[in-house]
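Derivation of every value follows stated rules applied to the coordinates shown; laboratory data play no part. Everything numeric here is computed off the predicted structure, so don't read it as measured data. Quick reminder, even Gly has a Cβ in these numbers, built from the backbone with ideal geometry, and neighbours come from all protein chains shown.
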Amino acid sequence: MPYRRVLLKLSGEALMGEQSYGIDTSVIQRIAAEIAGVVAQGTEMAVVVGGGNIFRGLKGAAAGMDRATADYVGMLATVMNAMALQDALERMEVPCRVQTAIAMQEVAEPYIRRRAMRHLEKGRVVIFGGGCGNPFFTTDTTAALRAAEIGAQVVFKATKVDGVYNKDPACFRDAVRYDRLSFQEVLRGELAVMDGTAIALCKDNGIPIVVFNLFEAGNIARAIAGEPVGTAVHPELVPH
């Protein structure tokens, strides 16, 4: 594997599969199996999970909830997803730890950077739940922040689409997918890779991002093996 340590960002929506709500256990099991295969090859893996399959703070705020309260509810949803993924990994005998930015010691460890890095060095998968512990920040920003903190070489964002497009492929049949982009191109074109704070964190710390389709079997392993999957966003300008 070309990467020693990586961070995988899983959207909450991806975890519900074809369902309209909640967790699709078959999807979780498939993801866990792919992660297990990657870890067996010697790659150290951390995971950040979203919570949009259960609750999304922005939607709660739009419905009249206080925005900070809605975001905290969303953080709790990410912990539920983290625990479900941990269970699936442990069933496959993959050592795993959940760390949360909001203390809940009965079900998970508190997020401690050095402890997380020690787990990774010992071959354990570390799943970060609870976002970054603060409202008004997305789990994309959490992924970029944790990647910088633990020294990850790349952020892999697994989604329902197969890369970054110049416009929404679900609405426009002539949407064009990019194979490679620079951070400057992403910011200049306001492309939907991650939110602006996450992009700025990765750009400032020289951490590349790879966006790919989670639902194509084997894509996690292919992406981490360095194969051209989805769209790669690099710190420097990349000639097309």
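At-a-glance table
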{"quantity": "Amide H contacts of residue 47 (H built 1.01 Å from N, under 5 Å, at least 5 apart or other chain)", "calculated": "8, 126, 127, 128"}
{"quantity": "The chain: relative contact order as a whole-number percent, Cα under 8 Å and 6+ apart", "calculated": "22"}
{"quantity": "Sorted by Cβ density within 10 Å, fewest first, the residues 234, 119", "calculated": "234, 119"}
{"quantity": "Given charges at beta-carbon only (K, R positive; D, E negative), |dipole| of the chain in Debye", "calculated": "420"}
{"quantity": "Difference of contour (0.36 nm per residue) and Cα-Cα distance, residue 92 to residue 153", "calculated": "19.4 nm"}
{"quantity": "Reach of residue 160 by Cα under 21 Å, taken over lysines that are not fewer than 8 positions away in the same chain", "calculated": "9, 59"}
{"quantity": "Shape category assigned to region 1-74 from the gyration tensor of Cα positions, a/c cut at 1.5", "calculated": "oblate"}
{"quantity": "All-pairs Cα distance distribution in the chain, expressed in whole percent, bin size 5 Å", "calculated": "1, 7, 14, 19, 21, 18, 12, 5, 2, 0, 0"}
{"quantity": "Estimated 222 nm signal from helices in the chain, with DSSP H stretches of n ≥ 4 weighted -39500 (n - 2.57), rounded to 500", "calculated": "-12000 deg cm²/dmol"}
{"quantity": "Under 21 Å from the Cα of residue 167 - lysines, other chains or at least 8 residues apart", "calculated": "157"}
{"quantity": "Partners for residue 122 among aspartates and glutamates (Cα-Cα distance below 15 Å; same-chain residues under 8 apart left out)", "calculated": "44, 93"}
{"quantity": "Gain on full stretching of the segment that runs from residue 122 to residue 103 - 0.36 nm per residue minus C-alpha separation", "calculated": "4.5 nm"}
{"quantity": "The chain: DSSP helices with Cα axial extent of at least 30 Å and average Kyte-Doolittle hydropathy no lower than -1.0", "calculated": "67-91"}
{"quantity": "Rough spin-label spacing in nm, given labels placed 7 Å along Cα→Cβ, for residue 173 and residue 13", "calculated": "2.2"}
